[in-house]
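Student: This is the structure, below, for whatever I ask next.
What follows is calculated from the coordinates using simple rules that are stated; it is not laboratory data. As the structure is a computational prediction, the values presented were derived from the model and not from experiment. Glycine gets a Cβ as well: all are built from the backbone with ideal geometry, and neighbour counts include every protein chain shown.
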Amino acid sequence: MVEQLGRAVASERIVVDSDVLDSLSRDQAAWAPVGSAVAAVRARNTAEVAAVVAACADLGVPVVARGAGTGLSGGANAVDGCVILDLSKMDAIVEIDRDNLIAVVEPGVVNDDLKAAVGEVGLWYPPDPASSPWSTIGGNVATNAGGLCCLKYGVTRDYVIGLEAVVGGSAGYGTVARLGRRTTKGVAGYDLVGLMTGSEGTLGIVTQATVKLRPQVVGVPRTVVGSFDRLVQAGEAVGLITRRGLLPVALELLDRFCMEAVEEWKHLGLSLDAEALLLARVDTPGESGAAEAQAIVDAFTECGARWAEQSTDDTEAEALFAARRLAYPALERLGPVLTEDVCVPRSEVPSMLAAIEEIGARFGVKIASIAHAGDGNLHPLIIGAGGDGQAPPAALAAFEEILDSAIARRGTVTGEHGVGILKSGGMQREVDPAAQSLMHDVKAALDPRNLFNPGKVLAAR
C-alpha cells in the first residue's frame, strides 16, 4: 500500500507512524468508533489528492478525508484499512474577487483566516461555527456548518456556489470535477454543489470552494442580554421573538452549567446567578436597530426574565459571546462530552428544552445546554465519566432519546454537525424510507465501490 502511494505522491507526504496516525484518525466526537488506518497522506494540491484516490481505487482501499478534526459526529474517523487524506496543508486563499463578491479557497483554509483576509478589503464571509478559529472551510462544506449568525445570514450551503472535487463513479476514481459556477444565478443542470455540500466526504473529496461574500456590516452591533430562572422561560422568549417577526443576527442560549464551566476556566467575570442567559445581537443600523433591540428586551421581559437590558459595554458584550464559543471546550475539561445538535421548529424550543431536562433527570446524567436558540438548533451536551473509553449506557440512552424527542417534534437529529457515525441510527428513524432509498442510489452512482468515507451518514443495507 505504502509503495503504491509512494508512486502517487512524494514520500515525505506519507505518514505511517502509529502515534501520528492515531492523532489523524479521529475527530472530537467522544465515544465514536475509530478504525485503524494503514497510512495518511498530507496532500498539498488537487493533483496529489487525485493521484491518491486513483491509487486507493486500484487497491480497493477506502479514503477518509479530514481537515482540522473539529467535527463532533465521528464523520472524519478512520475506518479499518483506510488511507486518511489530510487536507489541512491545502490552505491557500486562491482569489478574492471584490468586483463579484466571491472568494476561491482550498479546503484547509481556517474559517477565521478567510474572514480576516476578506475583511481587509471590506468584505465578510458570514458562516461562523463556534469552531471558526480552528475549523476549516473543507470541513464546514462537508457538514454544511452553521454558526451563531446563521439565523439572519444563513449556513454554509447558502454561500458555496462552486466546488472542485475529486470524484469516482462513471467519471473514474481520481477524476477532477468542477461543479457549480461563479455567477449570481445559474440553473444549468442538477445542483451538484448543493448535493456535495453536507455529504461529509461520502461522494467525493472537495479540493477547492468558490464562496459568496457580503459587504462588511457598518457600525457596532447591539447586544441584548436576558437572564432567566428557568430554561423553559428562555425558550418561550425565543418563540415570542419569532412570532413578532424580529430577526437578530444571533440569538444564543447558555445554561448555568455552561457558564460555570467557562468562568472556572477563563475567569471572564460572568454573572452566575441565572439558570439561563439569552444573548441577542442586532446589526440593523440607526434608530431601526435601537427599536429592534428594545423590542427584544421587551420580549425577554414579557417571558419572565429576571432582568433584560441592552449592553452598553462592548467589552462585556464580547465576553458574553466569547463565553458562548468557549462553552464546549470548557465542558470538555470536565470529562468526555457526548454532543447533540438537534434542531426543532422554533415554536417547539420551549418543549424541547423541557424534554432535555426531563431526560437528563430520568437517566441520571448531567446535560448542559447551549443553543443557537433563534433557529431552533439546540446543543445538549451530555457529560460522562467514561474513563475506560466507553460511553456510559445511561449517556447513550439519553442521547438516543433526545434524538427521538426532536423527531417527535418534527425536527431533525442534526442541524449542523453532520450525521457521521453517532447519529446514523437517528437519521434512519427521521428520514422517510423512500428518501433513504434515493440517497443510497446517489451513493451507489457516485461511489459504486463505496471507497469515499464508507460507513458514514448512510447505514449499510
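Student: Report the Cα-based extents of the range 308-461 along its three principal axes, largest first, to the nearest Å.
Tutor: Answer, in whole Å and largest first: 57, 37, 29 Å.
Student: Return the equivalent ellipsoid semi-axes of the range 40-160 as a descending list in whole Å, where each equals the square root of 5 times an eigenvalue of the C-alpha gyration tensor. Mind showing how you got there, number by number?
Tutor: Working: eigenvalues 157, 57, 23 Å².
Value: 28, 17, 11 Å, ordered largest first.
Student: Which listed residue (194, 296, 368) has the Cα farthest towards the positive end of the charge dipole for the chain, taking +1 on Lys and Arg C-beta and -1 on Asp and Glu C-beta about the Cα centre?
Tutor: About the Cα centre, the residue reaching furthest to the positive side is 194.
Student: For residue 112, what charge total do you get from the other residues with a beta carbon under 12 Å from its beta carbon, if Lys and Arg give +1 and Asp and Glu give -1? Working shown, then result.
Tutor: Details: positive: 115, 325; negative: 113, 128.
With Lys, Arg at +1 and Asp, Glu at -1, the net is 0.
Student: Let me ask something additional. Points 7 angstrom from Cα along the Cβ direction at residue 10 and residue 449: gap in nanometres?
Tutor: Each label point lies 7 Å from its Cα, and together they span 2.7 nm.
Student: Can you tell me, using C-alpha contacts under 8 Å and at least 6 residues apart, the relative contact order of the range 93-215 as a whole percent?
Tutor: Values: 236 pairs, mean separation 39.2, N = 123.
It comes to 32 percent, rounded to a whole number.
Student: Rg/Rh for the range 2-86: what does it come to with C-alpha atoms and Rh from Kirkwood? Could you put the intermediate results ahead of the total?
Tutor: Values: Rg = 12.1 Å, Rh = 12.7 Å.
Checking Rg against Rh, the ratio lands at 0.95.
Student: By per-residue mean of other Cβ atoms within 10 Å, what is the highest-first order of 214-222, 372-380, 356-364?
Tutor: Numbers: 214-222: 13.7, 372-380: 26.1, 356-364: 16.3.
Result, highest mean Cβ count within 10 Å first: 372-380, 356-364, 214-222.
Student: How big is the convex hull of the Cα atoms of the range 93-215, per residue, in Å³? List each step's numbers first, then the result.
Tutor: Values: hull volume 12.1 nm³, N = 123.
Value for the range 93-215: 99 Å³ per residue.
Student: Moving to a separate point now. Quick one: which of 423/456; 115/152; 89/443 span more than 20 angstrom between C-alpha atoms?
Tutor: Going by Cα-Cα distance, 89/443 fall outside the 20 Å limit.
Student: Taking 8 Å as the Cα distance limit and 6 or more residues as the minimum spacing, I'd like the relative contact order of the range 323-392 as a percentage. Working shown, then result.
Tutor: On the way: 90 pairs, mean separation 27.2, N = 70.
Contact order relative to length: 39 percent.
Student: Between residue 229 and residue 100, what length in nm is gained on full extension when 0.36 nm per residue of separation is reduced by their alpha carbon distance?
Tutor: Values: separation 129, 0.36 × 129 = 46.44 nm, distance 4.79 nm.
Residue separation times 0.36 nm, minus the Cα-Cα distance, leaves 41.6 nm.
Student: Turning to a different aspect of this structure: Per DSSP H run of at least 4 residues, take -39500 (n - 2.57); add these up for the chain, divide by its residues and hand me the 222 nm value, nearest 500 deg cm²/dmol. Don't skip to the answer; put the middle values down first.
Tutor: Values: 15 runs with 165 residues, N = 461.
Value at 222 nm, helices only, nearest 500: -11000 deg cm²/dmol.
Student: Can you tell me the alpha carbon radius of gyration of the chain divided by the globular rule-of-thumb value 2.2 N^0.38 Å?
Tutor: In units of the globular-protein estimate, the chain measures up at 0.98.
Student: How high is the relative contact order of the range 224-293? Use alpha-carbon pairs under 8 Å, at least six apart in sequence, and give a whole percent.
Tutor: Numbers: 82 pairs, mean separation 32.0, N = 70.
Computed value for the range 224-293: 46 percent relative contact order.
Student: If we sort 9-17, 324-332, 261-269, 410-418 on the protection proxy, mean other Cβ atoms within 10 Å, highest first, what's the order? It would help to have the intermediate numbers written out before the result.
Tutor: Details: 9-17: 13.9, 324-332: 20.7, 261-269: 15.9, 410-418: 23.2.
Order by mean packing, descending: 410-418, 324-332, 261-269, 9-17.
Student: Which listed residue (418, 382, 455) has the Cα farthest towards the positive end of the charge dipole for the range 363-461, taking +1 on Lys and Arg C-beta and -1 on Asp and Glu C-beta about the Cα centre?
Tutor: 455
Student: While we're on this one: What number does the range 219-333 give for Rg over Rh if you use C-alpha atoms and the Kirkwood radius? Don't skip to the answer; put the middle values down first.
Tutor: Numbers: Rg = 13.6 Å, Rh = 14.1 Å.
Expressed as Rg/Rh, it is 0.96.
Student: Now a separate question. With only Lys, Arg, Asp and Glu charged, each at its Cβ (+1 for the first two, -1 for the last two), find how big the charge dipole of the chain is about the Cα centre; round to the nearest 20 debye.
Tutor: Numbers: 39 positive and 58 negative charges, 241 e Å.
My answer is approximately 1160 debye.
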